[in-house]
Every structure is written in structure tokens, then in C-alpha cells.
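Engineer: One structure, as C-alpha cells, below. Some questions next.
Derivation of every value follows stated rules applied to the coordinates shown; laboratory data play no part. Given the structure is predicted, the values throughout are model-derived calculations rather than measurements. Positions of Cβ are backbone-derived with ideal geometry, glycine not excepted, and every protein chain shown enters the neighbour counts.
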Amino acid sequence: MTSTTPRTTPDAPEAALGNYGDKVLAVEPGGNEFIPPEARHGKPRGLFWTWTAPNLEFATIFLGIIAVLYFGLSFWQAIAAMAIGNLLGALAHFVLSARGPLHGVPQMVLGRLGFGYRGNILPAAFMTVMCGVGWFATNSVSGALALNTLFGLPSVLALIIIVLAQTGFAFCGHNLVQGFERLAAPVLAVVFVLAGIFIFRDADLGMPAADGGAGLGGFLLTLGAAFGYTAAWTPYAADYTRYLPVNVSKFQTGFFASSGLFVSTTALMTIGAASVTIGADADLSPTDAFTGSLPSWVANLTLLAIAIGAVAANAINLYSGAMAFVTMGFTMSVGIQRAVVTAVFGVVGFLVAWWALADAAANYETFLLIVAYWIGPWLGIVLADQLLRRGRPVAGLLYDTKYTNWGGLVSFVVALVVSVALFANQERYVGWVAEAVPELGDIAFFIGFLIAFGGYVLLCRNKVNRDYAHI
């Protein structure tokens with residue numbers, strides 16, 4: 001087994017940043033390299049807007065819609081389930097975001113601690129496909145439908161416009177992505193608050209749940225979907241804090257990132273749940289149904305906000321998805337690797353979104369639950385590793401191609417397989433336990449987290465101690 005002595009700075013090339021600094025209209029050089037202290041900039045409070053903007057979009061609203069319309073909850077039951085799921089996801093985001101300034105590397109590079117350099121390829125691949133492509137396609141569909149309704153554009157043309165805009169932001173990289181999020185967030189917030197006022201004016205918040213309610217199963221399905229949505233951002237966390245100066249407050253970094261995430265997701269999911277109580281034509285597209293009860297001028301503003309929100313979400317999805325792909329260890333020119341991968345993923349995401357246009361509602365519901373399945377075990381490994389290594393240096397392990405931690409990979413795979421096989425509960429697959437006890441809903445993400453966390457502590461405690469035996 002390889003023995004590695006950790007150091008205080010990564011044994012890796014620093015990003016070839018040149019005079020990139022805090023320039024916004026510039027292509028970020030490099031890929032997943034360590035950001036040196038002299039290239040750091042920014043303040044933690046900007047993270048509130050960074051994590052608010054990507055959730056001010058229709059995908060967030062639609063989760064509130066399906067909680068009432070498909071999972072059978074009343075408005076108040078849906079709010080409780082979604083708030084708990086969002087809070088759990090935001091707490092995890094707090095912990096992971098706070099590590100970025102200290103280590104100066106992307107989140108998936110930090111993931112090598114729990115999985116080893118080669119073992120980390122599996123979760124990085126999951127993130128690349130599920131987030132860099134899956135979320136990209138999902139949000140592109142909602143943005144395209146909004147443009148289609150607002151301007152009468154053909155769906156494919158609307159999709160091309162959305163994809164080109166968000167790929168352009170992600171191609172330029174970190175500073176432009178962050179700058180766009182901070183500009184878009186206040187504008188989107190005003191529009192959705194305005195739409196929310198009219199929706200709550202007409203909503204029947206006391207409307208009973210459909211068919212007497214879905215009980216605990218529907219509650220847990222909603223909680224899991226909300227957690228899957230919010231926690232899906234956690235593999236991105238350090239990507240947007242690694243440029244902050246090393247001496248910034250960890251608490252402020254985690255707080256502003258997680259609070260922007262929690263406030264935005266909970267607010268828009270609440271608006272979505274309320275909109276169902278108004279009633280809408282079931283034959284309309286999801287975006288048309290949501291805006292159908294609004295005054296025409298508010299509806300038009302909301303559709304435009306939905307399109308802009310899709311771009312805000314996918315600029316981050318595509319940027320971090322490409323970062324995860326680069327972290328898998330493929331040999332490419334440092335100066336172009338992230339930008340080239342971003343462009344390729346933009347094309348792939350477009351093709352997937354084009355296919356998903358046919359049945360956006362069904363595809364979105366399934367996708368939300370699938371996202372949560374791998375996020376739970378991944379979080380279990382990452383947080384358990386962070387607990388075992390607390391107060392210890394890790395920099396020397398991050399880019400060591402010989403560093404292994406197979407116990408982490410085994411714990412992840414076992415947790416993923418067992419949790420899905422036994423507890424998954426969705427239209428395309430129902431686990432053995434979920435089928436026998438349907439009242440459980442879908443708790444695969446919880447079970448996956450617990451198995452992974454416990455398995456890592458049992459299998460890797462001694463291994464982690466050996467990593468520091470020669471210090």
C-alpha cells in the first residue's frame with residue numbers, strides 16, 4: 001500500500017492564471033489545478049447570489065408542483081417535506097463550501113481523499129453524466145419551453161438559443177459565471193416575487209390533498225426529491241469558493257453559500273406548490289400551466305425569467321460538470337482542457353435535451369430521484385473522510401496518482417447498490433423493501449448515506465491513520 005506524507009501545499013502545477021485575476025470578460029485558463037494565494041480574490045458574501053441565481057428557475061418551481069400534483073400532498077405537507085429536504089442539502093453544502101478557500105482546489109479533487117486518485121473516477125463520472133449533462137439537459141428544456149411560449153419560437157430553435165448562451169458563460173469560466181449569477185439573481189428574485197404575489201392571491205392553500213393524501217410515502221418521496229435537488233449542488237461546492245483568499249472566514253463562506261441555496265430553493269418550491277391549488281389545464285406544457293393564471297404582463301416577465309434562470313443554472317452545471325470530467329485524469333493540454341470539455345458537453349447536453357422535450361414532466365420526476373441515489377452515498381464518504389482527517393494536512397494527497405483508498409470506493413458502491421435495490425421507489429423501479437412497505441416512500445438517499453458513512457469509518461479509519469504515520 002502506498003505511503004504518502006501530506007504537505008501543506010499540493011504537489012501539483014498551479015493554474016496558469018497569468019493576469020486572469022478578477023477579470024470577468026476573459027477565458028479562465030487551466031482546469032482543476034491549485035489556485036495559488038496571489039491569485040485569490042472575492043468575499044464570501046458574494047456566494048449568496050452565486051447560489052441564489054441558479055435556483056431561480058422553473059426546475060425548482062416544478063418540484064413544488066409535482067409534490068402536490070403527483071406525490072399527492074397538501075400544500076402545507078409539501079412545504080414541510082421540501083423545507084426539510086432543502087435544509088439537509090444546504091447543511092451539507094455549508095460544510096463542503098467552507099473547505100474551498102483553505103485547499104484552493106475543486107470539489108472533485110478533494111473527493112480523491114475518500115476514494116483515492118483512481119477510485120475517484122467513478123463518482124467524477126457520475127457527476128459528469130448526471131450533473132454536467134443530465135441537469136444541463138433538464139434545465140435547457142424548461143428554458144426552451146419558456147422561449148417557445150413567450151416568442152412562439154420553434155422548440156428546437158429556442159433550445160439552441162438557450163444552449164448557446166449557457167455554454168458561452170461556462171466556456172469563459174469561473175469569473176464570468178460568478179459575475180453573471182450575481183447580476184441575474186436580484187433581477188430574477190424581483191420577477192419571481194411578483195409572480196408569487198399573484199399566485200398566492202388566487203391560491204387555495206387549504207385545499208385538501210388529492211384522494212385524501214399520500215401519507216408518509218408521499219411525504220418521504222417529496223423530501224427525497226427536494227434533498228436530491230438541493231444536495232445535487234454539493235459536488236460543486238468548492239468549485240466556487242476555491243478562489244477566495246485562504247484567510248476568509250470558514251463560517252461566512254459556508255453560511256452565505258448554503259443560505260443562498262436554502263432560501264432560493266424553498267421560496268420557489270413553495271410558489272410551485274401554491275400554483276397547483278389554483279388549477280390549470282392538464283394539456284398545457286408545464287411552463288404554460290404555471291403562468292396561465294398570471295396577468296399577461298407578469299406571465300411574460302416570468303417566462304423571460306424562467307429562460308434566464310435556466311441559463312444561470314446551466315452555466316454552473318456545465319462548468320462544474322466539465323471540471324469533474326477533467327478530474328477523472330485524462331491527459332489534455334492544461335490551457336484548454338476545461339474550455340474544450342465544456343464545449344463538447346454543451347453539444348451532448350443539447351442532444352439529450354432535444355430528446356427530453358417530448359415528455360418533460362415525466363423525465364424530470366424520474367431524474368430528480370435518480371440524482372439523489374448517488375449523492376447520498378457520495379456525501380457519506382466525503383463527510384466521513386473529512387471527520388477522520390479533521391485538523392490534518394491533506395494537500396500532498398490530492399494530486400498523487402499513486403494514492404489509493406479502495407475502502408472508500410467499496411463503501412460507495414455497496415451503499416449505492418444496497419440502497420437502490422432495497423429502498424428505491426419510482427415508476428421505473430421499486431426496491432424490495434419499498435415494495436413490501438410502500439409507506440416508506442423513497443428513502444434510498446438516506447440509507448445510502450448511512451451505509452456509506454458507516455462503511456467508510458469501519459473500513460478506512462486505520463488507512464487514514466496510516467496516511468499520517470510518517471509525519
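Engineer: Using a cut-off of 18 Å between alpha-carbon atoms, which lysines can reach Lys250, once sequence neighbours fewer than 8 places away in the same chain are excluded?
Structural biologist: Lys43
Engineer: So which lysines can Lys402 reach, going by Cα to Cα under 27 Å and dropping same-chain residues fewer than 8 places off?
Structural biologist: List returned: Lys463.
Engineer: Compare the peptides 455-467, 299-311 by average per-residue count of other Cβ atoms within 10 angstrom and give them in order, highest first.
Structural biologist: Ranked from most to least packed, the peptides come out as 299-311, 455-467.
Engineer: Grab the beta carbon distance between Arg461 and Trp432, set R0 = 41 Å, and tell me the FRET efficiency rounded to 0.05.
Structural biologist: Computed FRET efficiency for Arg461 and Trp432 comes out at 0.85.
Engineer: Under 1.5 on a/c is rounded, so check that first for region 126-275, then, if it is not, pick prolate when a/b is larger than b/c and oblate when it is not; a ≥ b ≥ c are the square roots of the alpha carbon gyration tensor eigenvalues.
Structural biologist: Note, shape of region 126-275 comes out oblate.
Engineer: While we're looking at this one, here's another question. Is the C-alpha gyration tensor of region 58-209 telling us rounded, prolate or oblate? Criteria: a/c under 1.5 is rounded; beyond that, a/b larger than b/c is prolate, otherwise oblate.
Structural biologist: Because a/c hits 1.5 or more and a/b fails to exceed b/c, region 58-209 counts as oblate.
Engineer: A further question on this structure: Classify region 94-138 from the C-alpha gyration tensor, please: rounded if a/c falls under 1.5, else prolate or oblate depending on whether a/b exceeds b/c.
Structural biologist: Because a/c hits 1.5 or more and a/b fails to exceed b/c, region 94-138 counts as oblate.
Engineer: How many nm separate the modelled label positions at Asn19 and Gln386, each set 7 Å beyond the Cα in the direction of the Cβ?
Structural biologist: Each label point lies 7 Å from its Cα, and together they span 3.7 nm.
Engineer: For Ile197 and Val414, calculate 0.36 nm times their separation in residues minus their Cα-Cα distance, and state this gained length in nm to one decimal.
Structural biologist: 73.5 nm is the gain from fully extending Ile197 to Val414.
Engineer: Just the number, please: Stokes-Einstein D of region 12-115 in µm²/s, Kirkwood Rh from C-alpha pairs, 25 °C, 0.890 mPa s.
Structural biologist: It comes out at roughly 145 µm²/s.
Engineer: Residue separation times 0.36 nm, minus the C-alpha to C-alpha distance between Ser249 and Leu183: what's the value?
Structural biologist: Taking Ser249 through Leu183 to full extension adds about 21.4 nm, to one decimal.
Engineer: Could you work out how much longer the chain between Ser296 and Met207 gets when fully extended? Use 0.36 nm per residue separation minus the Cα distance between them, nm to one decimal.
Structural biologist: So the extension gain works out to 29.5 nm.
Engineer: Right, next: In nanometres, what is the gap between the two model label sites at Ala469 and Ala80, each 7 Å from Cα along Cα-to-Cβ?
Structural biologist: Rounded to a tenth, the inter-label distance reads 5.2 nm.
Engineer: Between Thr401 and Val27, what is the FRET efficiency for a Förster distance of 30 Å, r being their Cβ-Cβ separation, to the nearest 0.05?
Structural biologist: 0.65
Engineer: List the trypsin sites (Lys or Arg not before Pro) in region 372-460 that DSSP assigns to loop (not H, G, I, E or B) and whose Cβ has at most 14 other Cβ atoms within 10 Å. Which are they?
Structural biologist: Listed in order of number, the matching sites are Arg390, Lys402, Arg428.
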